Structure formats: structure tokens, C-alpha cells
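Chemist: Take a look at the following structure, please.
The values are calculated or read from the model by the stated rules, or taken from the named source; none is laboratory data. Computed from a predicted structure; not experimentally measured. Cβ: placed from backbone, ideal geometry, glycine included. Neighbour counts: every protein chain shown.
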């Protein structure tokens, strides 16, 4: 479990380093997730040099344990919101508009992606009821 947690944190660290060193417009954790995805896709091809925890399912178990307690990671964010309540009062309307617009845009992007993939894979389920 320690090696798996170390792999997760190493990917995040490498993502942060790449994002800052190359001035990339993506956050470091997103780049780290892409690195982890590449590592998982390549783990069978380079099984001889990968740690055992990556091959035997320990990484998946560790990740599921972290996800099971994900709500605890939002406590610091909630405390930060309460501490800066004056900013929310001042800029509340703009925040509500930004949240609504970003939610609508995310839903539309998901819909467009789904329709594109359905069209590319030849799924004709769109016309069925």
C-alpha cells in the first residue's frame, strides 16, 4: 500500500514539476493523472520493470480506499470558504453566474462528446426509444 501511495504521489509531483517547468496551461494534478493513465496502459508491456503493486491490484485497492474517504478532503476547502465569507457576500452574484454557466457548459461538452463518440462508433441508439 505504501508503494502504491508513493506511485500516486509521484505522478502528481511529476505533473506539478512539468506544469511549472514548461509553463503549461494545465494544472499539475491533471498532468499527473495523465501520467498515471500512461503508466497503467503500459504496465503489461513493461511488466518486468514495474513494481509488483502496480501489477497485483494493490494500486487499485489503495485508490479505492482513498476514494472512499474523499469527502474528508473537502473539509479544508469548506473551512476556507467559511473564513472568507466576506468575499462570498461581496462577489456572490458573480460566483452564482459563473457556477451556473460552467455547469451548463460542462453538460453541453459532455453531450457533444457523447454524440461524437456514438457517431464514430456507429451507435444508432439516438433515434430509438
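Chemist: Out of the helices (runs of 4 or more DSSP H) lying entirely within segment 1-108, which hold 3 or more residues that are within 15 Å of the chain's Cα centre (by Cα) and surrounded by 14 or more Cβ atoms within 10 Å (Cβ to Cβ)? If you could, list the steps in order and put the result at the bottom.
Modeler: Details: elements: 2-21, 28-42, 52-55, 58-68, 75-83, 85-90.
Because the criterion is at least 3 residues that are within 15 Å of the chain's Cα centre (by Cα) and surrounded by 14 or more Cβ atoms within 10 Å (Cβ to Cβ), the helices (runs of 4 or more DSSP H) in segment 1-108 that meet it are 2-21, 28-42.
Chemist: Right, next: Consider residue 127 against the criteria (1) over 17 Å from residue 5 (Cα atoms); (2) at pLDDT below 85; (3) in the same structural domain as residue 11 (by TED's automatic domain parsing): it satisfies all of them except one. Which criterion is unmet?
Modeler: Here residue 127 meets the rest and fails (3).
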